[in-house]
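Engineer: I have a structure here, written as structure tokens, and I will follow up with some questions on it.
The values are calculated or read from the model by the stated rules, or taken from the named source; none is laboratory data. Since this is a predicted model, take the numbers as computed values, not measurements. Every residue, glycine among them, receives a Cβ derived from its backbone with ideal geometry; neighbour counts consider all protein chains shown. In case anyone asks, the SASA skips ligands and DNA or RNA and just uses the protein heavy atoms, side chains included. Shrake-Rupley method; radii C 1.70, N 1.55, O 1.52, S 1.80 Å.
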Amino acid sequence: MSGLRLKFMEVYSILKSELLNDPAFEFTDDSRQWVERMLDYNVPGGKLNRGLSVIDSYQLLKGGKELTEEEIFLTSALGWCIEWLQAYFLVLDDIMDNSVTRRGQPCWFRVPKVGLIAANDGILLRNHIPRILKKHFKGKSYYVDLLDLFNEVEFQTASGQMIDLITTIEGEKDLSKYSIPLHHRIVQYKTAYYSFYLPVACALVMAGENLDNHVDVKNVLIEMGTYFQVQDDYLDCFGHPDVIGTIGTDIEDFKCSWLVVKALEIATEEQKKMLFEHYGKGDEASVKKVKELYKALDLEGVFADYENASYQKLIKSIEAHPKEEVQAVLKSFLAKIYKRQK
């Protein structure tokens, strides 16, 4: 574990301890143990990319100079707020999607004795964020900006989830609704805002910047988030479950995946008929047929072309930015995701 990650984990322990002793609620031993187990199971288990990138981004905005202990703590606390937000979304997402595994272990609601208590745990996770912000940022000039930022991004993400869910309503499975614009809309709101824009926006706010002056940065990060989700859609089908830590179910779940949208664009009428017949069916034979069609259409090659084109376009947009520090932040983000395998 790198030094930064170790420090980051130390901050998690501090924040967790503060939440478990929050004076606004009288904990019993049982309730305290429940929340601690729930936090340990859901919050720190991922790659922590979103959280760690707040620290990275802030340091790059400061011209790469070494951060003070306070700056490390505060950027870490904001990073953890994003990880808490992510945990809240995932816990509830997994219930809605009836998922089986997450990060290589059973989804929280699948854990014995948890079940639908997980819904309330999701609400608790969401409520921990303003508790953390209040405790550590209340005296700061940018406190309200942080609250606004988290509220807005949460609203955008929940709205993106809504478009995703209503597009896949049981009994209304209509592939003809699926298109690149719809895919981009879902991705932009459901993933890109909280995964890409939010970490950099946190760093900008902490560095004393006004977010209204950085719409171009937001646009590049949303583009990057779209590229990231296309990779995710690709890996759901072509990645190895042991490497990606989850078993892909986009085909069975009738997801508006980039792969199916691309397939619809380039398939013959005969192939489209086959897709309409088998996409969104849970049986193994149907899934196999869809995957065979993806191979026949060379979606692996189509994805490789998309990946290269996206990279070139992003680099061009980044290099058009007047501030070198901001360029450095955006390039470091791109480097983390370009040609990733998981």
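Engineer: Would you check which residues across segment 125-146 are open to solvent by 30 Å² or more (accessible area, probe 1.4 Å) and either under 19 Å from the mean Cα position of the chain (by Cα) or closer than 12 Å to TRP84 by Cβ (or both) and list them?
Structural biologist: ARG126, ASN127, PRO130, ARG131
Engineer: Please determine, by comparing only the residues of segment 72-124 that are of a type in the set (Val, Ile, Thr) and within 16 Å of the chain's Cα centre (by Cα), which one is farthest from ILE251 (Cα to Cα).
Structural biologist: If we take residues in segment 72-124 being of a type in the set (Val, Ile, Thr) and within 16 Å of the chain's Cα centre (by Cα), then ILE82 is farthest from ILE251 (Cα to Cα).
Engineer: Sticking with this one: Determine which single condition PHE150 fails, assuming it passes every other condition in (1) surrounded by fewer than 19 Cβ atoms within 10 Å (Cβ to Cβ); (2) at pLDDT 95 or above.
Structural biologist: Failing condition for PHE150: (1).
Engineer: So, one more: Can you confirm whether segment 154-162 contains a residue that is assigned by the TED database to the domain that holds PHE73, more than 27 Å from GLU18 (Cα to Cα) and at pLDDT 95 or above?
Structural biologist: no
Engineer: What's the total number of residues in segment 281-316 that are of a type outside the set (A, V, I, L, M), touching a residue at least 40 places away in the same chain (Cβ under 8 Å) and in contact with an Asp or Glu (Cβ under 7 Å, 6 or more places away or on another chain)?
Structural biologist: 0
Engineer: Here's something else I'd like to know. Out of everything in segment 254-270 that is assigned to a loop (DSSP other than H, G, I, E, B) and farther than 18 Å from GLN231 by Cα, what residue ends up being least open to solvent (accessible area, probe 1.4 Å)?
Structural biologist: ALA267
Engineer: Now a separate question. Got at least one residue in segment 268-279 being within 30 Å of VAL215 (Cα to Cα) and of a type in the set (Phe, Trp, Tyr)?
Structural biologist: No, because not a single residue in segment 268-279 is within 30 Å of VAL215 (Cα to Cα) and of a type in the set (Phe, Trp, Tyr).
Engineer: Does any residue in segment 224-238 that is in the same structural domain as LYS255 (by the TED database) come within less than 6 Å, Cβ to Cβ, of a residue that is aliphatic (A, V, I, L, M) and open to solvent by 20 Å² or more (accessible area, probe 1.4 Å) six or more places away or on a different chain, and which pairs are these?
Structural biologist: Short answer, once both residue conditions are applied: LEU235/ILE244.
Engineer: Looking only at segment 317-342, filter to residues that are polar (S, T, N, Q) and surrounded by 12 or more Cβ atoms within 10 Å (Cβ to Cβ); which one of those is farthest from GLY63 (Cα to Cα)?
Structural biologist: SER317
Engineer: What's the number of the condition LYS281 fails, among (1) at pLDDT 95 or above; (2) open to solvent by 30 Å² or more (accessible area, probe 1.4 Å); (3) not polar (S, T, N, Q)?
Structural biologist: With (1) at pLDDT 95 or above; (2) open to solvent by 30 Å² or more (accessible area, probe 1.4 Å); (3) not polar (S, T, N, Q) applied to LYS281, the lone miss is (1).
Engineer: From (1) at positive phi; (2) at pLDDT below 95; (3) of a type outside the set (Phe, Trp, Tyr), pick out the condition that doesn't hold for ASP298.
Structural biologist: Here ASP298 clears every test but (2).
Engineer: Restricting to segment 101-118, name every residue that is within 19 Å of PRO44 (Cα to Cα) and either buried (at least 18 other Cβ atoms within 10 Å of the Cβ) or of a type outside the set (D, E, K, R) (or both). Before the answer, list the steps.
Structural biologist: Step one: filter segment 101-118 for residues within 19 Å of PRO44 (Cα to Cα), giving 101-111, 114, 118.
THR101, ARG102, GLY104, GLN105, PRO106, CYS107, TRP108, PHE109, VAL111, VAL114, ALA118 - these are the residues of segment 101-118 that are within 19 Å of PRO44 (Cα to Cα) and either buried (at least 18 other Cβ atoms within 10 Å of the Cβ) or of a type outside the set (D, E, K, R) (or both).
Engineer: Test each condition in (1) open to solvent by 20 Å² or more (accessible area, probe 1.4 Å); (2) assigned to a helix (DSSP H, G or I); (3) under 19 Å from LYS342 (Cβ atoms) for SER195 and report the one that comes out false.
Structural biologist: The failed condition is (1).
Engineer: When you check ILE132 against the structure, is it touching a helix residue (DSSP H, G or I) at 6+ places or on another chain (Cβ under 7 Å), β-branched (Val, Ile, Thr) and in the same structural domain as ILE14 (by the TED database), yes or no?
Structural biologist: It is true that ILE132 is touching a helix residue (DSSP H, G or I) at 6+ places or on another chain (Cβ under 7 Å), β-branched (Val, Ile, Thr) and in the same structural domain as ILE14 (by the TED database).
Engineer: Going through segment 59-70 one residue at a time, which ones are closer than 18 Å to LEU334 by Cβ and either buried (at least 19 other Cβ atoms within 10 Å of the Cβ) or among the β-branched types (Val, Ile, Thr) (or both)?
Structural biologist: Looking only at segment 59-70, we keep the residues that are closer than 18 Å to LEU334 by Cβ, and these are 59-61, 64.
Within segment 59-70, GLN59, LEU60, LEU61 qualify.
Engineer: Can you name the residue in segment 163-175 that is open to solvent by less than 80 Å² (accessible area, probe 1.4 Å) and in a helix (DSSP H, G or I) and is also modelled with the lowest pLDDT among such residues?
Structural biologist: Taking the candidates together, the pick is THR167.
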